[in-house]
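Below is one structure, written out as structure tokens, with a few remarks after it.
The values are calculated or read from the model by the stated rules, or taken from the named source; none is laboratory data. In this text, all values refer to a predicted model and were calculated from it rather than measured experimentally. Virtual Cβ from ideal backbone geometry, glycine too; neighbours counted across all protein chains shown.
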Amino acid sequence: MANENLIVGLDIGTTKVCVVVGRKNDNGNLDIIGVGVSPSTGMRNGIIVNIEAIIKSINKAIDAAEMMCGREIHTCWTGIGGSHIEGINSRGVVAISGQRRGSREISEEDINRVIEAARAVAIPLDRQIIQTIPQSYIVDDHPGIKEPRGMIGVRLEAEVHIITSSATSAENLLRCVNRSGFKAGRCLLLQALAAGRSVLTQDEKELGVALIDIGGGTTDVLVYYDGAPYLTFTIPLGGVEVTKDISTIHGISMEIAENIKQDEATCWKPLLEDDKEILVRRMTGQAPLKIPRSNIYAIVKIRMEEIFNLVKQKLECTGLPRPLSGGIVITGGGALLSGAVELATSIFKIQVRLGMPIHFEKIGGLIDEYRDPSYATAIGLVIEGESRDRNEQNIRETIRPPVTSNREHGNSFKELIRWVKATFFG
């Protein structure tokens, strides 16, 4: 998966494509050594509408990242998101495989079987499962077990959170990556999960926290309880809608409207220190336009309130098992809008903070330059990719057969004979 210990995260969004390159240092920790960003014009609400445009954006972003880090990129961990993503909770149950009651120790095989049983849910033919995340296990009616491996029991249940996506959307995303000349990872990773990996603390996940990732075209929401995902959904509105509102109402280009949003806009009135007028150039031949900041505030506040209220309504309709004691974390490019945290706090009536990537992770390199919510997903993809690579390496080392001598083979054979006699004959 890695080239010269490189781990690459590729975040393809509605407004931009972001690539982050990580590398393991001599201490085994991650260093961020390259970042590339390019505008994205081929995606709408998380769904690809122009494959060629996305391919060009991917190539530009990866070229920029290669230029910065001085390495060639061949493979990458790719995130998937958008309005077609859905999450469901499921439960599976199996009998623990053991010939005798005293030998019914839960093995890796038992855990894999119960997760497969939980995955056996009916989904439409046009959808596919992209991730299955265990929430907790139940061993002989004892709930809340996080790691059942090695325990003794006769019945194993698993509660899991299943992420599904449109099969065609996932296939088109992989096609774009492959046609760009790169190899996607062994699976697509949910963008919201990647963002959560980089901005949420373990304590927040255990207490119960809602991550609100405000992207360009969509707002992805992921709720954690007891350290595991519990609820996933998407609101088909994002930062682009705010820009469109400014552009449409004042008859200015999207580029100029985006600059105004970033430099002058706020959605929280106490931050509107003055009502100075913004001088905006228009098309050739037209006089410059003067727009009061209070006017921009009114436009932006209405749209941001709509996004947060839609999230709140969805959370209330779902019926969460208990309050979000860990609060709410907002991240993504839309979270950088002035006053977003304050407005969200007034709507949700609980603690809200800005999610800065890896504020708690031991990661070095260029991270100070890119400690920004708009990079949360791409950095999270690097962290998750490195974790999966490390876990697979540990598994390979664990199952590698030991080198034994002939005498050891003889002793092992005798032990096998004793076990067969004890198990089946007495």
I need the helices (runs of 4 or more DSSP H) fully contained in the stretch 167-231, keeping only those with at least 1 residues that are over 18 Å from residue 373 (Cα atoms). 167-179, 202-207
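Only one of 312, 349, 290 is farther than 19 Å from residue 219 by Cα and modelled with pLDDT of 95 or more; which? It would help to see each step written out before you state the result.
Numbers: 312 fails: farther than 19 Å from residue 219 by Cα; 290 fails: modelled with pLDDT of 95 or more.
None of the others qualify; the one that does is 349.
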Residue within the stretch 134-141 that is touching a residue at least 40 places away in the same chain (Cβ under 8 Å) and of a type in the set (S, T, N, Q) present: yes
Residues in the stretch 313-328 that are in contact with a helix residue (DSSP H, G or I) (Cβ under 6 Å, 6 or more places away or on another chain) and buried (at least 18 other Cβ atoms within 10 Å of the Cβ) total 2
Output yes when any residue across the stretch 231-239 is buried (at least 24 other Cβ atoms within 10 Å of the Cβ), in contact (Cβ under 8 Å) with a residue 24 or more places away in the chain and farther than 18 Å from residue 313 by Cα, and no when none is. yes
So, in the stretch 25-41, exactly how many residues are touching a residue at least 40 places away in the same chain (Cβ under 8 Å) and surrounded by fewer than 20 Cβ atoms within 10 Å (Cβ to Cβ)? 4
Subset of the stretch 44-75 that is buried (at least 24 other Cβ atoms within 10 Å of the Cβ) and touching a helix residue (DSSP H, G or I) at 6+ places or on another chain (Cβ under 7 Å) - its residue that is farthest from residue 237 (Cα to Cα): 58
Assess whether residue 249 counts as being more than 21 Å from residue 336 (Cβ to Cβ), part of a helix (DSSP H, G or I) and not basic (Lys, Arg). yes
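Given 322, 293, which one is closer than 15 Å to residue 262 by Cβ and of a type in the set (D, E, K, R)?
293
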Just to be sure before I move on: is residue 89 of a type outside the set (Phe, Trp, Tyr), under 30 Å from residue 188 (Cβ atoms) and in contact (Cβ under 8 Å) with a residue 60 or more places away in the chain in the structure I sent? yes
Filter the stretch 166-192 for residues that are surrounded by 20 or more Cβ atoms within 10 Å (Cβ to Cβ) and under 14 Å from the mean Cα position of the chain (by Cα); the one that is farthest from residue 54 (Cα to Cα) is 192
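Going by what's in this entry, would residue 162 be described as over 28 Å from residue 213 (Cα atoms), assigned to a strand (DSSP E or B) and among the β-branched types (Val, Ile, Thr)?
On the way: over 28 Å from residue 213 (Cα atoms): no; assigned to a strand (DSSP E or B): yes; among the β-branched types (Val, Ile, Thr): yes.
No; evaluated as a whole, the condition is false for this residue.
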